[in-house]
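See structure below.
Since every read-out is calculated from the coordinates, none of them should be taken as a lab result. The model shown is predicted, which means the values in this text are computed figures rather than measured ones. So basically every Cβ, Gly included, is an ideal-geometry build from the backbone, and we count neighbours across all protein chains shown.
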Amino acid sequence: MSPKNLFKVLVYGYMSDIKTSRALEQACRRDINFMWLLQGEKAPDHNTIARFRSGRVKEAVEDLFHQFVKKLYQLGEIGFENIFVDGTKIEACANKYSFVWKRAILKNEARLQIKIRKLLNSLGYLQDNGKPISVEYLQEILKKLLETKSEKGIVFVQGRGKHKTQLQRDIEALEACISLQQKYDRYNALFDGRNSFSKTDTDATFMHMKEDHMRNSQLKPGYNVQIGVEAEYIVGVDISSERSDQLTLIPFMEKMKKAYPIQYNNVIADAGYESEENYVYLKNNGYTSYIKPQNYEQMKSAQKSKNIGKAEYMEYDSVQDTYKCKAGRLLRAVGSGQRKSKSGYITELTRYACESCEGCTLKEKCTKSKGNKQMAISRKFLNLRAESAANITSPLGIILRMNRSIQVEGVFGAIKEDHGFRRFLLRGKKNVHCEFLLMSFGHNINKLHNKIQSGRCGCFLHKKEIA
């Protein structure tokens, strides 16, 4: 079977909402469109399609996808100017009750270590140096006990009415501890910075999904799918196990830099991507940030009175490095500190304290502290946030912000609602990445066809309509 024809069948299947290998096999036997794509070749069975999708296609589909995006650039359909970034959570092909929680594993592992120490102490092998007892050390002790068994010619017994020797009991207890510790070591390696994973798809993380039909905030195994969109075409795809979007932006943009020779100028994203680390990365790499600040709605005049305790709503004196609150009292710098993020980024903080909050009528609205008002802030973050806020409120920023809602949210709406793509068929991050790239391939071809039919070729942005 020709790989080219099989790839055509897969992509056309995702274009036509035919995704399972058995449904694709049936379509190749009955649908005239699929028969034409096969060019006279025999219809493949479902096993051939499944092996091809999780095998050869997985290694080549990302490069083919990037080639197609470059072709769109040559056709004048994209310009590598504005990239709209967003993410959505899609359920993994995993049992939703197959969860493993890091907190529970750490708790059970601590109990096991206490049990192991008691066992080794009774055997006279305990070397208490404060470090966790490793599997390798336990296996060395087990080897010694088995040698003792062999030297004494002890025969192990099983079943009711049989009396086990103390050596047999010790060996069996040690083997059980080794087995458990090996399992916990394997689980800890699989967490890789996460707090949970699924036993049936260890790359999937338990997350809150928007499709919460029971309305009980049930966590389900899933993936955080990140995409970049320009001119309604998907130009980049990344699969993440992170539940929040903050830590996904930099890896996504790094993939984009490696994939294409031309770098985007403007990065447009919603408030979920705001962080000092992301702002600094975009600025240092020559991108203009159009990230919506998390406090953007509160920054509007009607909301300011409710947030008088925030640094953004106080007067700042850069010469004296002081803040003036709504009551006219000064907050002076009293120290500094650092905060380390999950990714390892270090934020430099300055601590400010009010000279006196005694008798202040606004104290209840300003702080919950019993003493004087205190706050720890990053001046770098506030300055970068102000720059991004100015960008999104500029005439171009308003258009880009509007297009972010239309374009990238529109793509997710088409994929999840129109095509019904709400759950992956394959397991494992690489297979899931391959499957979503096939879905993106189908989306881009459908979008190009629709633009040709509607005469909208070369349209990059939707313009703001003036009433």
Residue-count net charge about Val11 - beta-carbon cut-off 13 Å; Lys, Arg +1, Asp, Glu -1: +2
Would you work out which of Ser388, Met375, Leu461 lies farthest towards the positive end of the dipole of the stretch 316-467? Charges go on Cβ: Lys and Arg +1, Asp and Glu -1. Met375
So what is the 222 nm mean residue ellipticity for the chain from helices alone, if each DSSP H run of at least 4 adds -39500 (n - 2.57) and you divide by all residues, rounding to the nearest 500 deg cm²/dmol? -14500 deg cm²/dmol
Pairwise FRET efficiency - Glu140 versus Tyr287, Cβ, R0 = 60 Å, nearest 0.05: 0.65
With Asn285 itself left out, Lys, Arg at +1 and Asp, Glu at -1 over residues whose Cβ is under 14 Å from its Cβ give +2
Euclidean distance of C-alpha centroids, the stretch 250-272 and the stretch 418-467, integer Å: 18
Note, Leu331: beta-carbon cut-off 14 Å, +1 each Lys/Arg, -1 each Asp/Glu, net +4
Per-residue ³J(HN,Hα) for the stretch 422-433, Karplus 6.51 cos²θ - 1.76 cosθ + 1.60, θ = phi - 60°, Hz, x for Gly and Pro: 10, 8, 6, 8, 9, 10, x, 4, 5, 5, 5, 4
Could you list Val267, Val69 in order of exposure, starting from the residue whose Cβ has the fewest other Cβ atoms within 10 Å? Val69, Val267
Dipole magnitude (debye, nearest 20) for the stretch 1-54, charges at Cβ of Lys, Arg, Asp, Glu: 100
Net dipole in debye of the stretch 377-467 [+1 Lys, Arg Cβ; -1 Asp, Glu Cβ; about Cα centre; nearest 20]: 320
Given Cβ point charges of +1 (Lys, Arg) and -1 (Asp, Glu) and nothing else, what value in debye, to the nearest 20, does the dipole of the chain about its Cα centre take? 1340
State the extension gain, in nm to one decimal, for the chain segment bounded by Asn450 and Lys258, taking 0.36 nm per residue of separation less the distance between their alpha-carbons. 66.2 nm
Can you pull the one-decimal nm distance between simple spin-label points at Leu106 and Arg169, each 7 Å off the Cα toward Cβ? 3.5
Separation of the Tyr345 and Ile398 label points, Cα + 7 Å toward Cβ, nm: 3.0
Karplus (6.51, -1.76, 1.60) ³J(HN,Hα), θ = phi - 60°, over the stretch 2-9, in Hz, Gly and Pro reported as x: 5, x, 4, 5, 5, 5, 4, 4
Compute the FRET efficiency between Asn121 and Arg194 as 1/(1 + (r/R0)^6), taking r as their Cβ-Cβ distance and R0 = 35 Å, and round to the nearest 0.05. 0.50
Extreme residue, positive dipole direction of the chain, given options Leu190, Met15, Gln26 (C-beta unit charges): Leu190
Given charges at Cβ of Lys, Arg, Asp, Glu: the chain dipole, positive-most of Leu362, Asn129, Gly309: Asn129
If you average the alpha carbon positions of the stretch 47-69 and of the stretch 338-370, how far apart do those two centres end up, in angstrom? 52
Give me the distance between the Cα centres of the stretch 112-145 and the stretch 169-226, rounded to whole Å. 26
What spacing in nm lies between the two simple spin-label points modelled at Lys71 and Ser150, each 7 Å away from Cα in the Cβ direction? 6.5
Flagged links, alpha-carbon separation over 21 Å, of Lys4/Lys58; Lys102/Lys183; Lys42/Lys430; Lys19/Lys416: Lys42/Lys430
